[in-house]
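Colleague: Here's a structure for you.
The values are calculated or read from the model by the stated rules, or taken from the named source; none is laboratory data. Note that the structure is a prediction, hence the values are computed from the model and not measured. Here the Cβ is made from the backbone with ideal geometry for all residues, glycine too, and neighbour counts use every protein chain on show. Side chains are part of the model used for accessible areas, which takes the heavy atoms of the whole protein and leaves out ligands, DNA and RNA. Shrake-Rupley method; radii C 1.70, N 1.55, O 1.52, S 1.80 Å.
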Amino acid sequence: MASLSVKPGQRFTLPDWQNNAHRISADAEHQRSTSHQIRQEARALRNDTGNQARWDECDTRTRLKDRITSVDRWREVLAKCLTDIDLEIDALTKVKEAAEDALQAKNLCLDVAIECLTFRESRRDIDVVRDPVEEELLREVKVIEKTKKELQQRVDEAFKQLCLLKEARQQLNCDHRHKVEALELDRQCLSFNVTSGNISFKVNPTRIPDGTTALREWELNSQCNKDRADAEMKASVELRGAIMLTIAQTNNELDAQRIATEFALRKRIRDMEGALSELRWQEKNTLEEIAEMEEDIRQLEEDLRKRTLDLKVAHTRLETRTYRPHVELCRDQAQFGLTGEVQDLEAAIRALQQKRTESQNALDALYRQLHRIQTDIGYKTNSLQLDNKCMDTRRKLVIPVEKFDPEVDAVNRTRNLPRNSQLEL
């Protein structure tokens, strides 16, 4: 007979089962209530954080726009100041170049005066006198040196002012460039949004970078740069006026001196022109005689060369005949003829050589006499030539400076003067 098997284990009562069902329902109700409350709080937080983020982003955009406006305003101010200082630098550079041209013109005047004095130092014997021409030239040198000193001082001042202007411009340019870069960065920041492809988290983005300045310091820096540029431009304008006045004053101090010097030079030249005609006539005749004598010596040397060749031929014939064999080596008429020819040629060569020596001595005497004549002419023409050179040199003073390019030694401030030997004939 089969029996019912009972599964071993705990058995709950019906009230336990009912209590468990009620507890599950109560827990579900509590969890739903808690979830509902959290959902409501999350919605409120989302609204609050979204509104705050939009407000903060709008405020940030407004601040960025205000900053861009402020920086751009200073950029325009600095750009205008840069334009003004560039114009002033160009104007001062031109005035400085005008002063340098005036100084160069004074160098030309000084070179001419010193060149004239140097020429006149080559005068000889009684011509070496302290005449009015030399006194006026020395006075002219002193006046030119004084004006050169004034102009050089103005040029130095202009150079220093240009350095200050360029330094101020460099600061302005640097400030302007930095503001352009800052504008570009701020505009880039203004263009960022949540859909931008180059946004990302950064390490410690709220840090204060090294070298950060305060807003007041930033404004003072730009204002100081502008104020300094304005002050340097004002000083440059005043200096330009002073330079132009100095140039105008120094351009009118040498005319009377030049007139007096040139008048004295012309009178001296007229006094020196009458003493050379006779000596030049003697020089001409002597040169003609020298030319004829040189031609005769050339003919003598040509004849001497021909006789020497003839003598070589005769010697060669005699030497060749010494190789005749045995009895053929006899003193025949040809031998006598060749011997006589050699003797005659040797005598002719000696006579030609003696005559050439006499002719050369005569030519040397003619050259010595010519040298004496030319030396005398040189003494007389030297002073006239020097004064004429002085007149020619002083003609450079009436040529525009921009069309005249003097050959001046940059070290010694002197021209390539002719040597004393070049002044003689």
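Colleague: Accessible area per residue for the chain in Å², computed with a 1.4 Å probe and the full protein assembly in place, what is it?
Modeller: That works out to 69 Å² for each residue.
Colleague: Also, quick follow-up: Classify segment 43-200: rounded, prolate or oblate, from the alpha-carbon gyration tensor (a ≥ b ≥ c, eigenvalue square roots; a/c under 1.5 rounded; otherwise prolate if a/b is larger than b/c)?
Modeller: prolate
Colleague: Further question on the same structure: State which helices in the chain qualify, where a helix is a whole DSSP H run, it must extend 15 Å or more along its own axis by its Cα atoms, and its mean Kyte-Doolittle hydropathy must be at least -0.5.
Modeller: In the chain, the long hydrophobic H runs are 215-250.
Colleague: What shape does the chain have by the C-alpha gyration tensor, where a ≥ b ≥ c are the square roots of the eigenvalues, rounded means a/c under 1.5, and otherwise prolate means a/b greater than b/c and oblate the rest?
Modeller: oblate
Colleague: Between rounded, prolate and oblate, where does segment 254-296 land on the alpha carbon gyration tensor, with a ≥ b ≥ c its root eigenvalues, rounded for a/c under 1.5, else prolate if a/b exceeds b/c?
Modeller: Here segment 254-296 falls in the prolate category.
Colleague: Take Asp344, project a point 7 Å from its Cα along the Cβ direction, then tell me which residues of segment 304-325 have their backbone nitrogen under 15 Å from it.
Modeller: 307-308, 310-315
Colleague: Gap in Å between the Cα centre of segment 343-391 and the Cα centre of segment 237-276?
Modeller: 45 Å
Colleague: Within the set Lys166/Lys396; Lys284/Lys396; Lys179/Lys234; Lys65/Lys226; Lys80/Lys146; Lys148/Lys389, which residue pairs have Cα atoms separated by over 32 Å?
Modeller: From the list (Lys166/Lys396; Lys284/Lys396; Lys179/Lys234; Lys65/Lys226; Lys80/Lys146; Lys148/Lys389), the Cα-Cα distance tops 32 Å for Lys166/Lys396; Lys284/Lys396; Lys80/Lys146.
Colleague: Right, next: Could you sort the peptides 349-359, 256-266, 108-118 by per-residue average Cβ neighbour count (10 Å cutoff), highest mean leading?
Modeller: Ranking, from highest mean packing down: 108-118, 256-266, 349-359.
Colleague: Here's a follow-up. If you stretched the chain out fully between Thr357 and Glu29, how much longer would it get, using 0.36 nm times the residue separation minus the C-alpha to C-alpha distance?
Modeller: Between Thr357 and Glu29, full extension yields 102.5 nm more.
Colleague: Quick check: at a probe of 1.4 Å, how many percent of the accessible area of the chain sits on carbon and sulfur atoms?
Modeller: C and S fraction of accessible area: 54 percent.
Colleague: Next question. Quick one: work out Rg over Rh on the C-alpha atoms of segment 179-306, Rh as Kirkwood radius.
Modeller: 1.67
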